[in-house]
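Student: First the structure, then my questions, so here it is.
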Amino acid sequence: MNFDFTDDQISRRDAVQRWVEKGFGFDRRHALAKARGSTRAVYAELASLGLTGLAVSAEYGGLGFGAVEAMVVMEELGRGLVNAPYAAAALVTPALLARGDAAVQATWLPRIADGSALVVPALQERGARYRLDAVSTIAAQAVSGWSLSGHKSLVPAGDEADAFVVPARLGPHAIAPVGLFLVERARCAVRAYPTQDGARAAEITLASSPAQLLLADGAAALELAVDVGIAAACAEGVGLMDKLLGVTVEYMNTRKQFGVAIASFQALRHRIADVKMQLELARSMSYFASLKLGEPAAPRRRALSQAKVQLGQSMRFVGQQCIQLHGGIGVTDEYIASHYFKRLTMLEMAYGDTLHHLGEVSSRMQDTAGVFA
């Protein structure tokens with residue numbers, strides 16, 4: 001299989017890389033984290049690069065690019081440790097809207113493409129444990145339209161968003177289908193807080209909040225959008241690990257013990273070799289995840305869970321090893337390595353942690369075995 005990137009993909013990667021180097025150094029990132037993770041200004045700069053329209057079709061003013069272009073961008077944003085809700089707002093949300101009501105698409109997708117609107121998914125509920133079918137938010141239909149009642153947790157940049165895409169049951173019964181709705185932030189109660197990686201999240205309370213119906217049966221669209229999010233998290237994780245490895249090697253070449261650089265110690269060189277191996281395993285599975293997004297649902301979901309398992313294991317191993325090789329300085333807030341480690345820790349739990357996806361892989365392999373038994 002050919003893993004070479006096209007000239008356009010390389011050009012886009014280089015453009016993001018230049019922006020990171022010139023406009024998003026560690027000092028700025030650290031200052032934003034200390035200011036409780038405000039990210040709307042950063043998101044506007046990404047929009048000026050044309051990145052917010054990456055996954056929006058040309059019909060609505062976007063670029064209509066695919067999974068590989070998104071992967072290339074996410075790797076570079078990971079290397080730069082860019083704390084903006086880019087994947088959630090510019091990749092996952094368009095995937096949710098793409099199958100929705102045409103009028104809602106016409107209203108919101110052009111604004112998403114040009115960066116004037118920040119629309120994020122509000123998927124997680126307390127006690128759901130990453131299960132997409134564990135939805136207790138209820139949608140009620142009235143003469144004037146739909147209203148939602150429920151609670152959503154860990155909504156990325158929830159207090160800065162203009163609107164949310166919310167899954168909700170079309171009725172009070174557990175067997176009722178899960179629909180997708182768009183809810184404007186002004187219609188909800190929002191409680192924001194900083195996260196450990198220097199970003200922002202929010203708790204969203206819906207109390208008969210007016211909503212627009214996107215899709216009456218949104219299960220398939222929700223699964224695809226989450227898989228898009230997993231692929232983005234995998235690519236970002238590769239960028240984070242790549243940069244953290246570089247920072248660690250640079251530190252080892254300058255840090256001296258017994259009059260020599262610690263990079264000359266054979267035991268530490270073996271540990272770096274193990275880190276590099278885990279990084280390359282993760283890179284391969286990130287490519288695999290992005291390339292599988294166009295597959296039918298069953299093999300796609302299995303592939304994305306397999307990728308998330310490998311990325312979860314690699315991110316934990318690389319993060320822990322690199323921090324240990326730094327020693328005490330590696331966990332200080334003033335040093336860049338600790339911020340990469342925090343972000344890797346958050347990504348390991350995004351869209352399902354390693355144990356969750358191990359269970360998903362096992363379940364789907366058993367289902368496949370049953371078909372051929």
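Student: Say we join alpha carbon atoms closer than 10 Å with springs in a Gaussian network model of the chain; which of VAL92, VAL119, VAL135 then has the biggest fluctuation?
Tutor: The residue that fluctuates most here is VAL135.
Student: If I take R0 = 25 Å and measure r between the Cβ atoms of ALA134 and VAL190 in this structure, what FRET efficiency does the formula 1/(1 + (r/R0)^6) give, to the nearest 0.05?
Tutor: Approximately 0.65, to the nearest 0.05.
Student: If you find the alpha carbon centre of the range 116-166 and of the range 1-43, how far apart are they in angstrom?
Tutor: If you average the Cα positions of each part, the centres end up 28 Å apart.
Student: Considering every Cα-Cα pair within the range 1-152, what fraction, in whole percent, is farther apart than 19 Å?
Tutor: I get 61 percent for the Cα pairs in the range 1-152 exceeding 19 Å.
Student: How much accessible area per residue does the chain have, counting only protein heavy atoms and a probe of 1.4 Å, in square angstrom?
Tutor: 44 Å²
Student: Using only the Cα atoms of the range 85-226, what are the Rg and Dmax in Å?
Tutor: Here Rg and the maximum Cα pair distance are 13.8, 44 Å.
Student: Leaving out ligands, DNA and RNA, what percent of the accessible area of the range 199-325 is carbon and sulfur, probe 1.4 Å?
Tutor: Of the solvent-accessible surface of the range 199-325, carbon and sulfur hold 55 percent.
Student: For the chain, what does the equivalent ellipsoid look like in terms of its semi-axes, each the square root of 5 times an eigenvalue of the Cα gyration tensor, given largest first in whole Å?
Tutor: Equivalent-ellipsoid dimensions as semi-axes: 36, 23, 20 Å.
Student: Output the peptides 70-78, 330-338 sorted from most to least packed, where packing is the average of other Cβ atoms within 10 Å over each peptide's residues.
Tutor: Peptide ranking by packing, descending: 70-78, 330-338.
Student: Can I ask one more? Using label points projected 7 Å from each Cα along Cα→Cβ, tell me how many nm separate GLU59 and ASP353, to one decimal.
Tutor: 4.1 nm
Student: At a probe radius of 1.4 Å, what is the per-residue accessible area of LEU355, in Å² to the nearest 10?
Tutor: 140 Å²
Student: Could you compute how fast the range 110-190 diffuses translationally, taking Rh as the Kirkwood radius over C-alpha pairs and applying Stokes-Einstein at 20 °C with viscosity 1.002 mPa s? Give it in µm² per second.
Tutor: It comes out at roughly 160 µm²/s.
Student: Please give the FRET efficiency for GLN266 paired with PHE26, using the beta carbon to beta carbon distance and R0 = 25 Å, rounded to the nearest 0.05.
Tutor: The value I calculate is 0.20.
Student: Using the eigenvalues of the Cα gyration tensor, what equivalent ellipsoid semi-axes result for the range 245-373 when each is taken as the square root of five times the eigenvalue, whole Å, largest first?
Tutor: Semi-axis lengths for the range 245-373 are 36, 15, 11 Å.
Student: For the range 10-66, which whole-number percentage of the solvent-accessible area (1.4 Å probe, protein heavy atoms only) is attributable to carbon and sulfur atoms?
Tutor: After summing per-atom areas, the C and S share lands at 51 percent.
Student: Assuming 1.567 mPa s and 4 °C, estimate D for the range 105-153 with Stokes-Einstein, Rh taken as the Kirkwood radius over Cα pairs, in µm²/s.
Tutor: For these conditions, the coefficient is 98 µm²/s.
Student: Using a Förster radius of 22 Å, what is the FRET efficiency between SER149 and ALA102 based on their Cβ-Cβ separation? Nearest 0.05, please.
Tutor: 0.25
Student: How would you order 104-113, 223-232 from highest to lowest mean count of nearby Cβ atoms within 10 Å?
Tutor: Result, highest mean first: 223-232, 104-113.
The values are calculated or read from the model by the stated rules, or taken from the named source; none is laboratory data. On a predicted model such as this, the values are computed, not experimentally measured, just so you know. Because the Cβ atoms are built from the backbone with ideal geometry, glycine has one as well, and the counts that use them run over all protein chains shown. With ligands, DNA and RNA removed, areas are computed over all heavy atoms of the protein, side chains included. Shrake-Rupley method; radii C 1.70, N 1.55, O 1.52, S 1.80 Å.
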